[in-house]
Structure formats: structure tokens, C-alpha cells
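**Q** Sharing a structure below in C-alpha cells format, with a few things to ask.
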Amino acid sequence: MAALDFVYQARAGRVIFGAGSLQHLGREVLALGAERALVLCTPEQRASAEMIAARLGPRAAGLFDQAAMHVPIEVARDARALAARLNADCAVAIGGGSTIGLGKAIALESGLPILAIPTTYAGSEMTPIYGLSEAGLKRTGTDLRVLPRTVIYDPELTLTLPVPMAVASGINAMAHAAEGLYARDANPVTSLMAEEALRALAAGLPAVVAQTDDLGARGQALYGAWLAGSVLGSVGMALHHKLCHTLGGSFGLPHAQTHTVVLAHALAYNAGAAPQAMARIARALGVDDAALGVYELARRCGAPLALRELGLAEADLDRAADIAAANPYWNPRPIARAGLRSLLQAAFEGAPPRAPH
Ligand code: NAD
């Protein structure tokens with residue numbers, strides 16, 4: 001029996017989970033000692049943010065509805081200025097990773113506590129990682145000030161998430177858990193969370209597809225997303241996330257859908273080097289092969305399977321392989337440009353995953 005030897009870093013944060021848990025919003029804002037909340041959302045989710053502001057009544061100081069993908073610095077500056085002008089003492093972010101990312105941009109500068117109400121499965125609410133983009137370049141960093149202090153997970157708020165987005169966002173969450181299982185700094189606690197995340201998402205997503213208003217299924221998926229986000233916030237990610245950042249950052253591919261296509265291929269690449277992680281992923285999915293299991297799940301749920309469907313040109317594959325191979329980073333299997341290139345070719349075509357030589 002191998003001896004246990006690990007570091008586990010718990011991340012502070014209070015989680016309120018359950019259908020209808022939004023009813024506790026007032027209590028939770030009060031518990032933060034806040035009296036002047038700035039509510040954040042994207043333009044598309046303004047109605048939800050207005051509902052939040054109405055619930056907060058006099059504790060809502062204002063609403064900012066310009067959250068956008070990858071937190072453009074101009075948007076962050078406007079939101080920070082509004083928070084200062086309103087003398088806000090808390091940011092309430094309702095939405096996906098873009099809106100929670102905007103809350104983080106405010107907290108990074110001001111230290112304002114964030115109460116996050118996630119409505120996708122991206123998992124940003126459980127991480128101390130922030131991102132800001134300026135002139136087309138995205139800068140990321142880690143700072144404990146940006147970790148939301150309270151998170152309300154209410155599956156009712158995810159009922160409006162269209163099924164294709166729910167599937168893509170859910171497989172995005174599965175990627176955090178899957179890579180967390182073979183992370184260099186994985187530990188028994190995050191691995192438990194990761195396997196349970198994969199199990200909940202693999203059960204929840206097809207059930208959401210089968211019946212979009214199944215609140216139990218939406219709850220399973222959101223529960224999995226919470227655990228997967230916790231894993232993302234605790235251990236390092238590898239090849240899959242690096243490839244997705246390359247494809248999103250340098251070629252403008254959509255965030256969650258890119259994760260959906262690439263995950264099966266990244267797992268196939270790493271399979272031989274991380275057999276225990278693969279066994280746990282396969283067990284969570286109830287299949288024999290982790291990579292094929294993810295591919296089949298995506299296919300069954302009607303997700304895009306090919307990078308060509310997301311707008312990538314075949315002529316870009318060489319440059320994508322160059323960029324992804326350029327900065328060395330840890331991965332269970334060493335990164336070799338030729339292997340990456342054939343991985344990308346398979347992902348481009350939507351072929352079933354297989355380990356590149
Ligand atoms: P998103 O936040 O950009 O949301 C996509 C769209 O869906 C938006 O228009 C949003 O308003 C809408 N939407 C969200 N929830 C909805 C709902 N329930 N009903 C109807 N519409 C809804 O997408 P995302 O995938 O959640 O987040 C992606 C961003 O988050 C990226 O910028 C990514 O880099 C970042 N991210 C950061 C971290 C981190 O730890 N810092 C983790 C994951 C993702």
C-alpha cells in the first residue's frame with residue numbers, strides 16, 4: 001500500500017444549494033455585513049438582475065448590465081467606477097463565468113466581497129482565478145480577494161439555460177474534474193470531488209436533454225458543476241485547458257463548446273500516462289474507456305464534436321499546435337508537437353478519440 005503524502009488547500013467560501021435557495025439572498029447579503037450591493041449581469045440577463053435588485057430592495061445600490069466574455073478592461077473600469085460612485089459594499093453577480101469574472105475584476109481592485117449566483121456550469125465562482133482582456137490579449141492571475149465569499153446555487157435559475165449551452169457548459173465543467181484527477185498536485189479530497197462531479201454531470205446532462213425542465217436533473221448538473229469548480233480552484237490544469245485557452249485566445253473559438261470538443265481527445269492523449277485517473281473517469285461515467293465515454297456522452301447530448309463546426313479553419317491547425325507546444329507546461333504525458341498536431345486534426349474532424357503516437 002502506497003503511503004499518503006499530499007497538500008490540501010481548502011478554499012474559504014459559503015455555499016447555499018437547492019431549488020428555491022435564492023430566497024435566502026437577503027439573509028446572505030446581511031451576513032456579509034453589506035448594505036449597498038451592486039448587482040452585475042450581462043445585457044441578456046438584465047431581467048434576472050432586476051429581479052435580484054427587487055429582492056434586495058433598499059440593499060440594492062445599483063445595477064450594471066454590461067458584463068461580457070473575457071472581461072474587457074474597459075468594462076471592468078466602468079463597473080469599478082460605478083461601484084466607487086455608489087459607495088457599494090458588495091457585488092452580487094448573477095450569471096455565468098463572464099459576469100462572475102466582472103465581479104472578480106471589481107474585487108481585485110477594491111476588495112469588495114462577492115456574492116455569486118451562478119447560472120451556468122463554468123465554475124468560476126469557486127476559484128481565486130481572474131481574467132482581464134485588453135487589446136485582444138487575456139491576462140489571468142490568482143488572488144484570494146477575488147474568490148466569492150458566498151455562492152447561492154439555485155437550479156431554478158438554470159432552467160432558462162438553453163439545452164445546447166447547458167450541455168457545452170456541463171462538459172466544460174467535466175473537463176475541470178477530469179484534469180483534476182491527473183493533476184500533479186491532486187490529492188485524495190479533490191479527487192473525491194472530481195469523481196463525484198463527473199458522476200453527477202454524466203447523469204444530469206442526458207436527463208436535461210431528455211427533459212429540459214427536469215429540476216432534479218438541472219440540480220444534479222449544477223451540483224457537479226460546483227464540485228468541478230472546486231477542483232479547478234484547488235489544483236492545476238494541464239493539456240486540455242492549455243489547448244482550449246489557445247483555441248479561444250488566439251482563434252476566437254467559443255469557450256464552453258471548445259472544451260466540449262477537445263476533452264475526449266485530450267483524455268486519449270493522456271490515457272497511457274494517467275491510468276488511475278482514466279479508471280476513475282470511466283467509473284464515474286459507467287463506461288470502459290474514459291475518452292470514448294466523454295465522446296459518446298457529447299454525441300448523445302447533441303453537442304458539437306468537431307472544431308470545424310466551431311469555425312476553426314484547417315489551415316490554422318499548424319499554428320495552433322505551434323502555440324500550444326511553445327510554452328512548456330506540466331502534463332502527465334510530455335507535450336510533443338507531432339502528437340498535438342494529430343490530436344488537433346482528430347478534434348477538427350470530429351473523429352473518435354485515439355491516442356496519438
Ligand atoms: P458566459 O458567462 O459568457 O454566458 C454565456 C451567455 O449565456 C451570456 O449571454 C449569459 O448571459 C447567458 N446565460 C448565462 N446563464 C444563463 C441562463 N441560466 N439562462 C439564460 N442565459 C444564460 O459563459 P460561461 O461559459 O459561463 O463563462 C465563460 C467565461 O468565464 C470565459 O470568459 C471563461 O474564461 C470564464 N471562466 C473563468 C473561470 C475562472 O476560474 N476564472 C472559470 C470558468 C470560466
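**Q** Suppose every K and R has +1 on its Cβ and every D and E has -1 on its Cβ; what is the size of the dipole of the chain about the Cα centre, in Debye to the nearest 20?
**A** 440 debye
**Q** Given 20 Å bins starting at zero, what is the percent of C-alpha pairs of the chain in each, up to the one with the largest pair distance?
**A** Bin by bin from 0 Å, the calculated values are 32, 58, 10, 0.
**Q** Residues with beta-carbon under 14 Å from that of residue 146, excluding residue 146: net charge, scoring Lys, Arg +1 and Asp, Glu -1?
**A** +3
**Q** In addition: Calculate how steeply helix 255-270 sits against the longest principal axis of the alpha-carbon atoms of the chain, using the helix alpha-carbon long axis, and give the answer as 0 to 90 degrees to the nearest 10.
**A** For 255-270 against the chain, the angle is about 30 degrees.
**Q** What is the projected area of the convex hull of the Cα atoms of the stretch 14-158, averaged over all directions, in nm²? Present the calculation step by step, with values, prior to reporting the outcome.
**A** On the way: hull surface 29.4 nm².
Across all orientations, the stretch 14-158 yields a mean hull projection of 7.3 nm².
**Q** Between residue 309 and residue 326, what length comes free when the chain is fully extended (0.36 nm per residue of separation minus the Cα-Cα distance, one decimal in nm)? Don't skip to the answer; put the middle values down first.
**A** Values: separation 17, 0.36 × 17 = 6.12 nm, distance 2.57 nm.
Additional length available on full extension: 3.5 nm.
**Q** Sort 144, 102, 344, 108 by Cβ crowding within 10 Å, fewest neighbours at the top.
**A** Ordered from fewest to most neighbouring Cβ atoms within 10 Å, 144, 102, 344, 108 come out as 144, 108, 344, 102.
**Q** Can you order the peptides 270-280, 91-101, 236-246 by their average number of other Cβ atoms within 10 Å per residue, highest first?
**A** 91-101, 236-246, 270-280
**Q** Can you list the HN-Hα couplings for the stretch 43-52, worked out from phi with the Karplus curve (6.51, -1.76, 1.60; θ = phi - 60°), rounded to whole Hz and with x for Gly and Pro?
**A** x, 5, 9, 4, 4, 5, 5, 5, 5, 5
**Q** Can I ask one more? When the Karplus curve 6.51 cos²θ - 1.76 cosθ + 1.60 is applied with θ = phi - 60°, which whole-Hz ³J(HN,Hα) does each residue of the stretch 349-354 get, with x for Gly and Pro?
**A** Ordered by residue, 3J(HN,Hα) equals 7, x, 6, x, x, 8 Hz.
**Q** Treat the count of other C-beta atoms within 10 Å as a stand-in for reagent exposure and order 104, 138 from fewest to most.
**A** 138, 104
**Q** A further question on this structure: Helix-only mean residue ellipticity at 222 nm, the chain, DSSP H runs n ≥ 4 weighted -39,500 (n - 2.57), per residue, nearest 500. What is it?
**A** It comes out at -16500 deg cm²/dmol, rounded to the nearest 500.
**Q** Moving on. Taking amide H atoms as placed 1.01 Å from N in the peptide plane, list the residues 5 or more away in sequence, or in a different chain, whose amide H sits under 5 Å from that of residue 92.
**A** HN-HN under 5 Å from residue 92: 38, 39, 40, 115.
**Q** Assigning unit charges at the beta carbon (Lys, Arg +1; Asp, Glu -1) and nothing else, what dipole magnitude in debye, to the nearest 20, does the stretch 163-349 show about its Cα centre?
**A** Values: 13 positive and 15 negative charges, 51 e Å.
The calculated dipole for the stretch 163-349 is roughly 240 debye.
**Q** On to the next question. Per residue and in Å³, how big is the convex hull formed by the alpha-carbon atoms of the stretch 249-348?
**A** For the stretch 249-348, the hull spanned by Cα atoms encloses 98 Å³ per residue.
**Q** List, in order, the whole-Hz ³J(HN,Hα) value for each residue of the stretch 226-237 obtained from phi through the Karplus relation with A = 6.51, B = -1.76, C = 1.60 and θ = phi - 60°; use x for Gly and Pro.
**A** Once θ is set to phi - 60°, the couplings for the stretch 226-237 become 4, 5, 5, x, 5, 5, 4, x, 10, 10, x, 9 Hz.
**Q** While we're here: What is the extension gain from residue 299 to residue 27, computed as 0.36 nm multiplied by their sequence separation minus the C-alpha to C-alpha distance, in nm to one decimal?
**A** 93.7 nm
**Q** Could you check the spin-label model distance between residue 140 and residue 5? Points 7 Å from the Cα along Cα→Cβ, value in nm.
**A** If labels sit at residue 140 and residue 5, their model points lie 2.9 nm apart.
**Q** So what's the gap between the Cα centers of the stretch 32-97 and the stretch 332-349, to the nearest angstrom?
**A** Their Cα centres are 41 Å away from one another.
**Q** Then there's this: So what does log10 I(q)/I(0) come out to for the stretch 163-349 at q = 0.18, 0.19 Å⁻¹, using the Debye formula with one equal point on every Cα and no solvent?
**A** Debye intensities relative to I(0), on a log10 scale: -1.16, -1.28.
**Q** Ranked by Cβ crowding within 10 angstrom, fewest neighbours first, how are 6, 251, 64 ordered?
**A** Sorted ascending by nearby Cβ count, the order is 6, 251, 64.
Each reported figure results from applying straightforward, stated rules to the coordinates on display, with no laboratory input. Just so we're clear, the structure is a prediction, and the values are computed from it rather than from any experiment. In this analysis, Cβ positions are derived from the backbone assuming ideal geometry, glycine residues included, and neighbour counts consider all displayed protein chains.
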